[in-house]
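Step one of this worksheet: look at the structure below.
The values are calculated or read from the model by the stated rules, or taken from the named source; none is laboratory data. This structure is a prediction, so every number in the text was calculated from the model and none was measured. Cβ sites come from the backbone with ideal geometry, for glycine too, and all protein chains shown count toward neighbours. Protein only, heavy atoms only, side chains kept; ligands, DNA and RNA dropped before computing areas. Shrake-Rupley method; radii C 1.70, N 1.55, O 1.52, S 1.80 Å.
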Amino acid sequence: MESPSMRRGESPWLKLGFIGPTLIFLIAFNVFPLVYNVVLGFTNAELIGSEFAWRGGANYGRIFSDPEFASATRRTARFVLSAVTIELVLGFGVALSLQKNFRGRGALLTALLIPMMLSPAVIGLFWNLILNGNYGIYNQLLGALGLPQPQWTTDPGFKFLSILLIDVWMWTPFMMLIALAGLNSIPTSIYEAAEIDRASRWTVFRRITFPLTAPLLGLAVLFRTTDALKQFDLVMAVTGPNDPSTQTLSTLLYQVVFRDGKVGLGSAYACLVLVIVIAVATVFTRYIDQLQRREA
């Protein structure tokens with residue numbers, strides 16, 4: 001007997017013709033580079049020269065015994081924790097203030113989203129001029145107010161803070177946008193019922209607003225955390241990859257490959273960064289699933 005798909009004139013080759021180019025594209029530009037990178041992580045491949053030999057787990061042993069890797073990992077974790085926390089609090093607070101409609105709300109919302117739309121490299125160069133200790137406009141304003149004028153991009157004590165402030169300025173609008181979407185998705189009938197029951201503002205926030213927006217907030221934190229773990233553009237534009245006070249895992253990887261020419265070692269670094277990102281993403285995904293099941 002002919003199947004319903006055969007009677008309709010459908011052919012498996014037709015389906016393959018539609019999905020085949022996409023599969024070839026994904027394999028060529030995603031799967032193959034990933035597998036090849038994993039293989040290179042077990043070799044002594046270098047940037048100059050095409051011959052390389054198998055080294056087993058020597059690269060990974062070298063990484064875990066490298067104090068620079070431990071320092072970059074701690075610095076990256078501190079940056080991610082600080083940046084994402086500040087962006088979440090500020091973004092959610094701004095979203096609460098913009099939840100109700102008022103005149104000029106659309107224009108204000110558009111202006112707040114501009115930093116998120118710009119290139120991180122361009123923003124880094126832009127803020128490098130603003131925070132310049134000699135002619136930067138920020139220090140000029142501080143001087144006009146009679147306040148100290150720190151060397152934001154040259155003083156080791158302020159370099160990390162400068163990168164953190166720029167990242168917060170750039171990505172707080174993203175948190176605000178996701179939080180605003182979550183707030184607008186809450187039915188107004190719930191707030192009306194709480195008003196009838198004479199619930200306080202704190203009770204409404206604790207029992208209604210925050211629990212119902214928590215899944216979307218968790219998703220926003222997931223996106224920002226995985227992106228902040230790969231911080232590279234701002235560091236390169238503001239302080240450079242060689243500065244020990246702002247060196248992240250991504251800039252350390254850049255140094256290993258392009259300064260030292262150690263492609264095999266750099267591939268091992270890249271695999272470890274990928275494992276860290278996947279582990280963090282898995283934890284957040286399970287947490288978001290738990291929130292959704294609890295809400296249901």
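Amide H to amide H, with H built 1.01 Å from N, T43 comes under 5 Å of R55, counting only residues 5 or more places away or on other chains. Considering only alpha-carbon pairs that sit under 8 angstrom and 6 or more positions apart, the relative contact order computed for the chain is 28 percent. Measuring with a 1.4 angstrom probe and ignoring ligands and nucleic acids, S50 comes out at about 100 Å² accessible.
Taking 0.36 nm per residue of separation and subtracting the current Cα-Cα distance, fully stretching the chain between W202 and A279 would add 24.2 nm.
At a threshold of 8 angstrom on Cα-Cα distance, excluding pairs fewer than six apart, so keeping six or more, what relative contact order does region 35-154 reach in percent?
Reported relative contact order: 10 percent.
Using the Cβ-Cβ distance between W54 and V31 with R0 set to 22 Å, the FRET efficiency from 1/(1 + (r/R0)^6) comes to roughly 0.50. Of the labelled options (1) 6, 27, 34, 24, 8, 0; (2) 5, 19, 24, 22, 17, 9, 3, 1, 0; (3) 6, 29, 34, 21, 10, 1, which one gives P(r) over Cα pairs in 10 Å bins from 0, in percent as computed for this structure? Only one option fits the structure, namely (2). Rolling a 1.4 Å probe across all protein chains gives F32 an accessible area of roughly 130 Å².
How big is the charge dipole of region 114-224 about its Cα centre, in debye rounded to the nearest 20, if each Lys and Arg gets +1 on its Cβ and each Asp and Glu gets -1 on its Cβ? The partial results should precede the final answer.
Values: 6 positive and 5 negative charges, 31 e Å.
Taking the Cα centre of region 114-224 as origin, the dipole is about 160 debye.
Calculated mean residue ellipticity, 222 nm, the chain: -22000 deg cm²/dmol, from DSSP H runs (n ≥ 4) at -39500 (n - 2.57) each, averaged per residue and rounded to 500.
One Cα centroid belongs to region 242-296, the other to region 49-65; the line between them spans 19 Å. Sequence-ordered 3J(HN,Hα) estimates for region 242-254 from the Karplus curve with 6.51, -1.76 and 1.60 and θ = phi - 60° stand at 8, 7, x, 7, 10, 6, 9, 4, 5, 6, 5, 4, 4 Hz, glycine and proline given as x.
How many percent of all Cα-Cα pairs in region 208-261 sit more than 20 Å apart?
Values: 609 of 1431 pairs.
For region 208-261, the share of Cα pairs beyond 20 Å comes to 43 percent.
In the complete set of protein chains, residue-level accessible area for T172 is approximately 20 Å², probe 1.4 angstrom.
The GNM of the chain, with springs linking C-alpha atoms under 10 angstrom apart, assigns the highest mean-square fluctuation among T85, T22, T110 to T22.
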